[in-house]
Amino acid sequence: AQKVTQAQTEISVVEKEDVTLDCVYETRDTTYYLFWYKQPPSGELVFLIRRNSFDEQNEISGRYSWNFQKSTSSFNFTITASQVVDSAVYFCALSEAIGGTSYGKLTFGQGTILTVHP
Amino acid sequence: DTAVSQTPKYLVTQMGNDKSIKCEQNLGHDTMYWYKQDSKKFLKIMFSYNNKELIINETVPNRFSPKSPDKAHLNLHINSLELGDSAVYFCASSQVSGLAGRNEQFFGPGTRLTVL
């Protein structure tokens, strides 16, 4: 069975601080996908990134960066120079490879509430 | 231009009533999903349809019945509503099959259901 753990329930930082959100996953699949979604106070779920299990290259997008380490089954998310607008709930999620029987269903972590204070 | 839309956005109803939530996607995706987000923000898959065929049914009470009239629509009907059904319900879609399959799921805005 697949499982995603986000051990940090809530994180509070002051603007301009860097913050890292942890994500640890469990799966028996050799090929899988990892995702991060953002849920701002308005409630919608915003797709941030998708990472294949066979691609361990880290990715940077503006102030966002992701560190994927297969050896430790982790897919951590770092926001550099945080801003108030980054305040949201962040979800890490896992799905098996395309073509599997689960048809891409996402298994979500519990979410991390990030609050960035001015 | 909205990729995945849901109606209504808010639904307040009495226990025992029957209600429906509608979902439409204009992304041309072949797979649609319903997720439930509870009061603790936990998101869990309920159903998945691929090309109008039910693929996933995750231990959801029989009172919940999804219906997919075509690939672009996936509606959720709930009978005999209970207090515990109060939650936010998200519809999502993705392209799973074929060379274009990438599996990012795009979510609708959510429907906040409150059962009194």
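The values are calculated or read from the model by the stated rules, or taken from the named source; none is laboratory data. As the structure is a computational prediction, the values presented were derived from the model and not from experiment. Cβ coordinates were reconstructed from backbone atoms using ideal geometry, including for glycine residues, and neighbour counts include every protein chain displayed. For the accessible areas, the whole protein counts, side chains as well, though only heavy atoms, and no ligand, DNA or RNA atoms are used. Shrake-Rupley method; radii C 1.70, N 1.55, O 1.52, S 1.80 Å.
Whether any residue in segment A:52-64 is of a type in the set (A, V, I, L, M, F, W, C), closer than 22 Å to A:Ala1 by Cβ and modelled with pLDDT under 90 is what I want to check. Checked segment A:52-64: at least one residue is of a type in the set (A, V, I, L, M, F, W, C), closer than 22 Å to A:Ala1 by Cβ and modelled with pLDDT under 90. Could you please find all residues in segment B:62-76 being farther than 15 Å from B:Met32 by Cα and either at pLDDT below 90 or open to solvent by 30 Å² or more (accessible area, probe 1.4 Å) (or both)? If the condition is that a residue be farther than 15 Å from B:Met32 by Cα and either at pLDDT below 90 or open to solvent by 30 Å² or more (accessible area, probe 1.4 Å) (or both), then B:Asn62, B:Arg63 are the ones that fit.
Scanning segment A:53-70 for residues that are within 21 Å of A:Gly104 (Cβ to Cβ) and crowded, with 16+ Cβ neighbours inside 10 Å turns up A:Ser53, A:Trp66, A:Phe68. Looking at B:Phe47, B:Phe64, B:Phe42, B:Phe107, just one residue is aromatic (Phe, Trp, Tyr), within 12 Å of chain A (Cβ to nearest Cβ) and over 10 Å from the mean Cα position of the chain (by Cα), and that residue is B:Phe42. It is to be established whether one or more residues within segment B:10-23 are open to solvent by less than 20 Å² (accessible area, probe 1.4 Å), in contact with a Lys or Arg (Cβ under 8 Å, 6 or more places away or on another chain) and farther than 28 Å from A:Gln2 by Cα. Scanning segment B:10-23 turns up at least one residue that is open to solvent by less than 20 Å² (accessible area, probe 1.4 Å), in contact with a Lys or Arg (Cβ under 8 Å, 6 or more places away or on another chain) and farther than 28 Å from A:Gln2 by Cα.
Going by the structure shown, is A:Phe47 assigned to a loop (DSSP other than H, G, I, E, B), open to solvent by 40 Å² or more (accessible area, probe 1.4 Å) and not hydroxyl-bearing (Ser, Thr, Tyr)? Judged against the criteria, A:Phe47 is not a match. Checking A:Gly104 against (1) on the phi < 0 side of the Ramachandran plot; (2) surrounded by 16 or more Cβ atoms within 10 Å (Cβ to Cβ); (3) within 14 Å of another protein chain (Cβ to nearest Cβ), which test does it fail? Going through the list (1) on the phi < 0 side of the Ramachandran plot; (2) surrounded by 16 or more Cβ atoms within 10 Å (Cβ to Cβ); (3) within 14 Å of another protein chain (Cβ to nearest Cβ), A:Gly104 breaks only (1). Yes or no: segment A:53-70 includes at least one residue that is under 26 Å from B:Ser39 (Cα atoms) and assigned to a strand (DSSP E or B). So far as segment A:53-70 goes, no, none of its residues is under 26 Å from B:Ser39 (Cα atoms) and assigned to a strand (DSSP E or B). With respect to (1) assigned to a strand (DSSP E or B); (2) open to solvent by 60 Å² or more (accessible area, probe 1.4 Å), the lone exception for B:Thr59 is condition (1).
Among the residues of segment A:19-35, is there at least one that is in contact (Cβ under 8 Å) with a residue 60 or more places away in the chain, under 18 Å from B:Gly108 (Cα atoms) and under 12 Å from the mean Cα position of the chain (by Cα)? For segment A:19-35, residues in contact (Cβ under 8 Å) with a residue 60 or more places away in the chain, under 18 Å from B:Gly108 (Cα atoms) and under 12 Å from the mean Cα position of the chain (by Cα): present.
All of (1) assigned to a strand (DSSP E or B); (2) open to solvent by 50 Å² or more (accessible area, probe 1.4 Å) hold for B:Ser93 with one exception: (2). Candidates A:Ser73, A:Ser95: the one that is surrounded by 13 or more Cβ atoms within 10 Å (Cβ to Cβ), more than 14 Å from every other protein chain (Cβ to nearest Cβ) and either in contact (Cβ under 8 Å) with a residue 40 or more places away in the chain or touching a Leu at 6+ places or on another chain (Cβ under 8 Å) (or both) is A:Ser73.
Filtering segment B:24-51 to residues that are surrounded by 17 or more Cβ atoms within 10 Å (Cβ to Cβ) and closer than 12 Å to B:Ala72 by Cα leaves B:Glu24, B:Gln25, B:His29, B:Asp30, B:Thr31, B:Met32, B:Tyr33, B:Tyr49, B:Asn50.
Output the residues belonging to segment A:27-51 that are modelled with pLDDT of 95 or more and within 14 Å of A:Thr107 (Cβ to Cβ). Within segment A:27-51, A:Trp36, A:Tyr37 qualify. The single condition from (1) modelled with pLDDT under 95; (2) part of a strand (DSSP E or B); (3) open to solvent by less than 70 Å² (accessible area, probe 1.4 Å) that B:Leu54 fails is (3).
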